Amino acid sequence: MSSAAGTPPARNGILLGLLSADPPRSRVLSLLLVAILATLVATPFLIPGSQPIGTAAKICIFILLAASFDLLLGYTGIVSFAHTMFFGIGGYGIAIALNRLGATWTSVAIGLAAALALSAVLAFIIGLVSLRVRAIFFSMITLAVASAMLVLASQLSGFTGGEDGLSFQLPPELRPAFRVLADPVMGIAINGRLLAYYLILFVSLGMFLLLLRIVNSPFGRVLQAIRENEFRAEALGYRVVAYRIAASVIAALAATVAGALLALWLRYNGPDTTLSFSIMIDVLLMVVIGGMGTLYGSVIGATLFVLAQSYLQVLMGTVSGSLAAVPLLASITHPDRWLLWLGILFVTSVYAFPGGIVGRLRRE
């Protein structure tokens, strides 16, 4: 009797421990997060096909990328435009290692370790040089550094593949031809492609929980204190620049892992894939839509944005076809205008949810 009665509190304690004592604090938000996680886990079996699985993998990767950027913007108040540079370093680390050293797990480890080391050094140097200046000047410096990295990746064709990028083979266990089980499960072949998807899912989940632990640690509380009032935090004895540099390095390392995961999934990396400035804009939109200063907002924002990118154009094509008898409406809803409607949806969401979707749900 007592054992049964003690089970729910024990389970709640384990769950709170995983979430670093930072639950969603909203029933609707909790249901949304559980639904997103359950759907991502079950996607290969519920919605088989390359596009749904590819979309789910992209959601996992961009949740991690948006969460790492929110550590800078939402928790520390740092506006950096160089975040996708670290995303690209992760992608190129994996691509160059697998392309030059062969398709082995050793190559993956070497490429990831080299990318993480380079990202940490660059983030430290940028932070040390730039974080002492005012916010707008820091943002401009990071923009210049990110632009220089994009040009560098495009010009060093002998090393990075230039504009064409690099294609490579994955380790045998992650290839579609690899079979874990001889017979399909629920009609789905348990192959290397499925293993690659679940590798991306669980690494992204583990990194997200690690970031959640960081922002809810004493270190994370100091970051929030610096964001709210830098002078007061400095007066209390905290070394503001040191904490900001540490936050920049941690965020850069998480973004590097996200870039490595994208390269593993695509089996390709190029300047437009991970270093494009448009990716930086997309990540910023994800954080703003979901809600700054809460990592759960990254989950909601990345999921909605990637789904809109993947399926809004298809949905508009269906709507436009059904309105063929009304030329004006058919023209407005033409699939070629999907970016216009994506912009309208973004403006509407910002107007309706000034603090992001998570901020609105937590107030209800």
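So that you can scan it fast, the table gives a plain yes or no per residue for (1) in a loop (DSSP other than H, G, I, E, B); (2) modelled with pLDDT under 90; (3) aromatic (Phe, Trp, Tyr):
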position: Ala117; (1), (2), (3): no, no, no
position: Val129; (1), (2), (3): no, yes, no
position: Met140; (1), (2), (3): no, yes, no
position: Ser147; (1), (2), (3): no, no, no
position: Glu163; (1), (2), (3): no, no, no
position: Ala182; (1), (2), (3): yes, yes, no
Item to check | Unmet requirement for Pro184, which otherwise passes all of (1) open to solvent by 60 Å² or more (accessible area, probe 1.4 Å); (2) under 20 Å from Ala254 (Cα atoms); (3) not hydrophobic (A, V, I, L, M, F, W, C) | outcome: (2)
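Inside region 78-98, can you point out the residues that are closer than 15 Å to Ala252 by Cα, of a type outside the set (Ser, Thr, Tyr) and either without any contact (Cβ under 8 Å) to a residue 40 or more places away in the chain or open to solvent by 10 Å² or more (accessible area, probe 1.4 Å) (or both)?
We begin by selecting, within region 78-98, every residue closer than 15 Å to Ala252 by Cα; these are 78-93.
Going one step further and asking which of them are of a type outside the set (Ser, Thr, Tyr), we end up with 78-79, 81-83, 85-91, 93.
Within region 78-98, Val79, Phe81, Phe86, Ile89, Gly93 meet the criteria.
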Checklist entry - How many residues does region 182-210 contain that are over 23 Å from Gly102 (Cβ atoms) and over 21 Å from the mean Cα position of the chain (by Cα)? => result 9
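Assess whether Ala196 counts as being of a type in the set (Gly, Ala, Ser) and part of a loop (DSSP other than H, G, I, E, B). Break it down stepwise before answering.
Details: of a type in the set (Gly, Ala, Ser): yes; part of a loop (DSSP other than H, G, I, E, B): no.
In short, no.
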Item to check | Matching entry among Arg179, Arg227, Arg232, Arg213 (being open to solvent by 60 Å² or more (accessible area, probe 1.4 Å) and within 30 Å of Ile96 (Cα to Cα)) | outcome: Arg179
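Can you tell me which residue in region 26-36 is nearest to Cys60 (Cα to Cα), limited to those that are outside any loop (DSSP other than H, G, I, E, B) and open to solvent by less than 80 Å² (accessible area, probe 1.4 Å)? Give the steps one after another, and end with the answer.
Our first condition is that a residue be outside any loop (DSSP other than H, G, I, E, B); within region 26-36, this holds for 27-36.
After this cut, where a residue has to be open to solvent by less than 80 Å² (accessible area, probe 1.4 Å) as well, the list is 28-30, 32-33, 35-36.
Values: Val28: 21, Leu29: 18, Ser30: 18, Leu32: 15, Leu33: 13, Ala35: 14, Ile36: 10 Å.
By that ranking, first place goes to Ile36.
Of the residues Pro23, Pro48, Pro52, which single one is open to solvent by 20 Å² or more (accessible area, probe 1.4 Å), without any contact (Cβ under 8 Å) to a residue 40 or more places away in the chain and assigned to a loop (DSSP other than H, G, I, E, B)? It would help to see each step written out before you state the result.
Working: Pro48 fails: without any contact (Cβ under 8 Å) to a residue 40 or more places away in the chain; Pro52 fails: assigned to a loop (DSSP other than H, G, I, E, B).
The match here is Pro23.
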Next on the checklist: Tell me whether region 107-118 contains one or more residues that are touching a Gly at 6+ places or on another chain (Cβ under 7 Å), among the aliphatic types (A, V, I, L, M) and surrounded by fewer than 17 Cβ atoms within 10 Å (Cβ to Cβ).
Outcome noted: yes
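Of all helices (runs of 4 or more DSSP H) completely enclosed by region 227-340, which ones contain at least 2 residues that are in contact (Cβ under 8 Å) with a residue 40 or more places away in the chain? Lay out the reasoning, then the answer.
Values: elements: 230-235, 240-266, 277-290, 295-322, 327-332.
Passing ranges, in order: 240-266, 277-290, 295-322.
The values are calculated or read from the model by the stated rules, or taken from the named source; none is laboratory data. Everything quoted here is computed from the prediction, not taken from an experiment. A quick note on method: Cβ atoms are made from the backbone with ideal geometry, for glycine too, and the neighbour counts reach across all protein chains shown. For the accessible areas, the whole protein counts, side chains as well, though only heavy atoms, and no ligand, DNA or RNA atoms are used. Shrake-Rupley method; radii C 1.70, N 1.55, O 1.52, S 1.80 Å.
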